[in-house]
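Let me begin by presenting the structure, written as structure tokens, before commenting on it.
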Amino acid sequence: MSVQVDNIRKTFGPYTALDDVSLQVKSGQLTALLGPSGSGKTTLLRIIAGLEYADEGSGRIQFHGEDVTEMPAGKRKVGFVFQHYALFKHMSVFENIAFGLRVRRENRPPEAEIADRVHKLLKLVQLADLGGRYPHQLSGGQRQRIALARALAVEPEVLLLDEPFGALDAKVRKELRRWLRQFHDEIGLTTVFVTHDQEEALEIADEVVIMNQAKIEQIGTPQEVYDRPATPFVYQFLGNVNVLRAQVLAEARARKPGSIAFESEGQVYVRPHDIEIVPYAPDQPGIAAVLRYIHAAGPQARLTLEQVQTRETVEVETSRVTLAGLDLKVGDLVNLRLRQAHSFTDDYTI
Amino acid sequence: MSASAPPFLSTKRAPIRVSGPRVIRNPVWVRWLFMTLALLFVGCFLVLPLAAVFTEALRKGFGPFFAAFTDPDMLSALRLTLLTAAIAVPANLVFGVAAAWCIAKFDFRGKSLLITLIDLPFAVSPVISGLIYVLVFGLQGWLGPYLGAGDHPWFGEWLNAQDIRIIFAVPGIVLATIFVTFPFVARELIPLMQAQGNDEEYAALTLGATGWQTFWRVTVPNIRWGLFYGVILCNARAMGEFGAVSVVSGHIRGVTNTMPLHIEILYNEYNFVAAFAVSSLLALLALVTLLLKTLVEWRAQKGLT
Amino acid sequence: MSIAAISLPRFSRRVLPGFGLSLGFTLAYLGLIVLIPLGAAFIKAAGLSWADFLTAVASPRVLASYRVSFGISLLAALVNGVFGGILAWVLVRYTFPGRRVVDALVDLPFALPTAVAGIALAAIYSKNGWAGQWLEPLWVGTVHRLAGWIPWVDWQGWLGKTIAFDRAGIFLALTFVGLPFVVRTLQPVLAELEPELEEAAATLGANRWQTMTRVILPELMPALITGFALAFARALGEYGSVVFIAGNMPMHSEITPLLIITKLEQYDYRGATAIAVVMLVTSFVLLLLINLLQKWSRRYYRV
């Protein structure tokens, strides 16, 4: 089941949560809505679920070509997993999962079938023995999976998860997100999840939708958005980045200090691992910098350098073997070369 | 919070803003039905009685209305009511602060039992609150023979000579009022001071403040709104108490009648205008109490958010 | 509550001054004002022989007063449960002009002296009152018609002849005094109820009725029962507002607190005390039940 979002606008009073957003979620894929808090990602998810309606006359939501813009949440066949799970406290785990089947008016399955379905789901989320427990007796990760099982019980055609790992501690998060990826591969349900954690999105999603300030900045596979960020925002949001003045680069290339820049006064984005350190030589191209600090714990060494001309800081990441080969100490003068850099036109603000 | 405390006895009330889902809501007709039922309920039980008090008081115009307040019995009832509140409220204020200090600032065994015991008067019928004082001090009570009848040759004579009576006299009225308003201030302060913790007091002590300085300069400013809140509620109840006072007063006109008791006498004499005129004064007090209470709650909410 | 509970263990006993003084004063004041006088009632009752006690607390007139007090208090608390629940819902969920005023007015039964409430209710619901002039004929007619349809039930005995100065009047007064309890216990719970619960139910296909009855109502149940029990306990002991509107007919519309006063006025101190002890024990048991309920729900419902 594909999800098509066309020109959706949503305002809360003076605040714009979504500004003319369009998006196509492909059938069977795991899609991440990624962005900082306040970027509108949760609002978009809730509009897809029917828990929020877009501004009057602003656009349409289609599920597999069918217009569901005005359809109430209960009829859309979506499974929604809430950030804090919203499990029914007064019901056992079993009853929570069975809820969606029990409230059916038409074709409500007989009791035996309900029990059968619930047990299958419990097994699917690997919590087969916990049917009799109550939500307050479960750990965070278990609640998360019960919430998922409950959402799946009604056999949704789209699964929506709001910050599915947001309320969990770091270790459980990592385990659970790998599990979710495997789980998705097994059941192949069209899934959209919201997250503010770029690592999470890049690791498990088939496609990442990066949002900022009520707009979509870029849509692409994890590799696409990481390697070819469409905007300065995406560049900065996905991993560390150095922002260098275009003028400096121009000068470095010309290697004539003080000469007039031939490029505009824009900015250039370089990832720390895309910078190569070479020994300083006055006639060679490169940016002259002084090594200020070496942080060598971990698989990669992180170096902090200060540009000679602008006194601005640059971060460089390199393997420890390479670093050893260079034989550097703090205070050494070096040349920096950029393997890959990106510049955007000036009217971007970050 | 212990269950026996009336739930409205807390400045930390639910914030008065709309909550709940935005889209998933009841159908419009259900909303209208609920709203109609709720407002009808409020109208029949709250608005109508309040309006009736003032209308009935002014039924025969302003002349008879104001005449009710010049009646010497009324003035003496007013004086007694003010006197009673002037003793009961400070007494319970001091108690409330002391109780909250030891319960909120220290850990000791039997604390939850103590909290429950402080709440007890809320669970006791006003009539019984009066009765127990009659049992202690009345003619047939424990101390009665010593206080009133003069069985005790020495103490009783002395009391008789000094004309000291407790039941069917002002001290009984004050005691019964203290009993029924007993938990108000404590109940308000305990959760407030527990939530505030001890850090500020510790800080003051490390800076060289004495215990009393810490209390007056750190603790009291922190709890002043809670104190004020407890005091206005305590005062409203102290001035309006009927059942308990009725039992211990003896209804001696012009001597042991408080305003609520005076209302009863006027009403039973079919002097309705005067009864409602006095009532309107108490109703006004109630409205002022509600207003102050609401203001304190707004303040508390603004302070929290 | 939870904040306080968490920070408690850090309190050290002797760092702050004034523990002995404040605890000593608290205990002395509590003892003098509350415990000793309450004890007096029990000791006085203990002085009665078992037979005397039974005669005092189980004579027909006393039993009739229990029926009136318990029955009508229960009914008033039930009505408060339903309408107070709706009122709390409306105050938390809907906006309308005057909402803050209504919210403040909910505490009126608590701030308004009971005697004032009593005569005001009597004035409104008596035959010539604002509401009484419409409701009284309706009420009398209904009782009459019921007696016609189902003659073997003593409708006049049960429902009374009039509204004010009869059993219906007691019901009005007790509903009035219990009104804030359900509203004020429900309001904070309702305000903190996660909207996601209702949204979850909706995405799972439940309609609004199913969501209200299967999700919201069970979540609110502990608070609702607590509010109901508080309103019931308050109604049981109420005296001031009831005497003005009850008619106070022995065996028919006489509440138990009034009977205590009547016995006192007849200098029957033993009888009064015996009945008072029964009432006291009842309210203490109620208090205990409410406390247990809250403790249970706090443990059970905390997620």
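Quick notes on this structure:
- Computed over region C:183-268: relative contact order in percent, which uses C-alpha pairs under 8 Å that are six or more apart: 26
- Mean-square fluctuations from a GNM of chain A, with a 10 angstrom spring cutoff on Cα atoms, peak among A:I219, A:I187, A:I48 at A:I187.
- Ordering of B:180-191, B:217-228, C:98-109 by packing is B:180-191, C:98-109, B:217-228, highest average first (other Cβ atoms within 10 Å, averaged per residue).
- Scanning chain C for long hydrophobic helices, with DSSP H runs required to stretch 27 angstrom or more by C-alpha along their axis and to average at least -0.5 on the Kyte-Doolittle scale, returns C:60-93, C:167-192, C:217-237, C:269-301.
- Full-stretch length increase - B:L82, B:Y270 - with 0.36 nm per residue and alpha-carbon distance subtracted: 65.1 nm
- Listed peptides B:231-237, C:239-245, B:198-204 by packing density, highest first (mean Cβ within 10 Å): C:239-245, B:231-237, B:198-204
- Simple label model, 7 Å out from Cα along Cβ direction - C:L292 to C:W134, nm: 4.5
- Each of A:I114, A:G28, A:A151 was placed along the dipole of chain A (beta-carbon charges, centred on the mean Cα), and the one lying farthest toward the positive end is A:I114.
- Mean Cβ count within 10 Å, highest first, over the residues of peptides A:276-282, B:126-132, C:270-276: B:126-132, C:270-276, A:276-282
- Within 10 Å of the Cβ of each residue in C:207-215, the mean number of Cβ atoms contributed by other protein chains is 5.
- Cα gyration tensor shape for the protein assembly as shown, rounded if a/c is under 1.5, else prolate or oblate: prolate
- Charge dipole of the protein assembly as shown (Cα centre as origin; +1 on each Lys and Arg Cβ, -1 on each Asp and Glu Cβ, all else neutral): 1340 debye, rounded to the nearest 20.
- Degrees between helix A:170-187 axis and first principal axis of chain A (Cα, 0 to 90, nearest 10): 60
- Per residue of A:237-245, other chain Cβ atoms within 10 Å of the residue Cβ number 0 on average.
- Listing A:S2, C:S65 from fewest to most neighbouring C-beta atoms within 10 Å gives A:S2, C:S65.
- Note on C:169-176: average number of Cβ atoms from other chains within 10 Å of each residue's Cβ is 1.
- For chain A, relative contact order (Cα pairs under 8 Å, six or more residues apart, normalised by length) works out to 16 percent.
- Rounded, prolate or oblate (a/c below 1.5 giving rounded, otherwise prolate when a/b exceeds b/c) for region B:14-57 by Cα gyration tensor: oblate
- Value at 222 nm in deg cm²/dmol, rounded to 500, when DSSP H runs of n ≥ 4 in chain C each add -39,500 (n - 2.57): -23500 deg cm²/dmol
- Each of A:L51, A:A98, A:S37 was placed along the dipole of region A:1-113 (beta-carbon charges, centred on the mean Cα), and the one lying farthest toward the positive end is A:A98.
- Chain A: angle of helix A:111-124 to the longest principal axis, Cα-based, in degrees nearest 10: 20
- Contact order relative to length of region B:61-304, as percent, for alpha carbon pairs under 8 angstrom and 6 or more apart: 31
- Helix A:93-102 axis versus longest C-alpha principal axis of chain A: approximately 70°, rounded to the nearest ten.
Just so you know, all these numbers are worked out from the coordinates, no wet-lab data involved. All values reported here derive from a predicted model rather than from experimental measurement. Don't worry about glycine lacking a Cβ; one is built from the backbone with ideal geometry, like all the others, and counts go over all protein chains shown.
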